[in-house]
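These notes are about the structure you will find just below.
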Amino acid sequence: MRQSKSISIVDDDEDVRLALKTFLRSAGYEVRTFERAEALLDSLEGDEPDCLVTDLHMPGMNGLALQEELNRLGRTFPIIVMTAFPTLEAEERSAGLGASAFLAKPIDPEQLLQLLEINLGARDD
């Protein structure tokens with residue numbers, strides 16, 4: 001059994017990826033980062049994360065399209081969506097696609113940790 005839970009982060013902003021990776025590793029998580037949604041999808045052949053944290057607005061496949069593709073593939077890990085440009089429409093659409101949370105950037109690290117604990121605790125069964 002895996003010692004720590006794995007988190008995948010998809011964000012086109014390198015600074016965001018690095019900050020989240022550093023923070024979550026310090027909290028004991030295994031972290032993989034991806035600049036593009038397509039790169040995450042390519043990585044799922046061998047291993048899937050326990051939870052995904054993804055940006056909404058990215059070049060190429062955006063966060064909503066990523067959620068749609070993960071649903072099509074039958075992937076069921078929790079997804080937390082974050083964006084610097086939150087709208088009610090995007091939040092509702094994301095929730096409708098199964099996202100467990102929708103966060104406005106800059107995100108509160110403690111809130112993210114709480115959401116991860118809630119979502120990953122539910123997968124410990």
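Derivation of every value follows stated rules applied to the coordinates shown; laboratory data play no part. Because the structure is a prediction, the values reported are computed rather than measured. Neighbour counts are summed over all protein chains in view; Cβ atoms, including those assigned to glycine, are modelled from backbone coordinates with ideal geometry.
Return the Cα extents of segment 6-121 along principal axes one, two and three, sorted largest first, each rounded to a whole Å.
33, 32, 28
Counting other Cβ atoms within 10 Å, keep those with at most 15, restrict to DSSP loop, and tell me which GluC sites (Glu not before Pro) in segment 12-85 are left.
Working: sites: E14, E30, E35, E38, E45, E68, E69; in loops: E35, E45.
Here the sparse-neighbourhood loop sites are E45.
About its Cα centre, how strong a charge dipole does the chain have in debye, to the nearest 20, once Lys and Arg get +1 and Asp and Glu get -1 at the Cβ?
220 debye
Taking the number of other C-beta atoms within 10 Å as the exposure measure, put S4, S26, S94, S100 in order starting with the fewest. Before the final figure, lay out the partial values.
Numbers: S4 13, S26 9, S94 23, S100 18.
Placing the least packed residue first, the sequence is S26, S4, S100, S94.
Treating segment 2-58 as a set of equal point scatterers at the Cα positions, no solvent, please give the Debye-formula log₁₀ I(q)/I(0) at q = 0.15 Å⁻¹.
For segment 2-58, the Cα-only Debye profile gives -0.39.
For L103, enumerate residues with amide H under 5 Å from its amide H, sequence gap 5+ or separate chain, H modeled in the peptide plane.
Sorted by chain and number, the residues that satisfy this are V81, M82, T83.
Hey, if you put +1 on the Cβ of every Lys and Arg and -1 on every Asp and Glu Cβ in the chain, which of I7, L70, L103 ends up farthest toward the positive end of that dipole?
Most positive-ward Cα: I7.
Report the relative contact order of the chain, percent, no decimals, based on alpha-carbon pairs under 8 angstrom and at least 6 residues apart.
Details: 179 pairs, mean separation 27.2, N = 125.
For the chain, the relative contact order is 22 percent.
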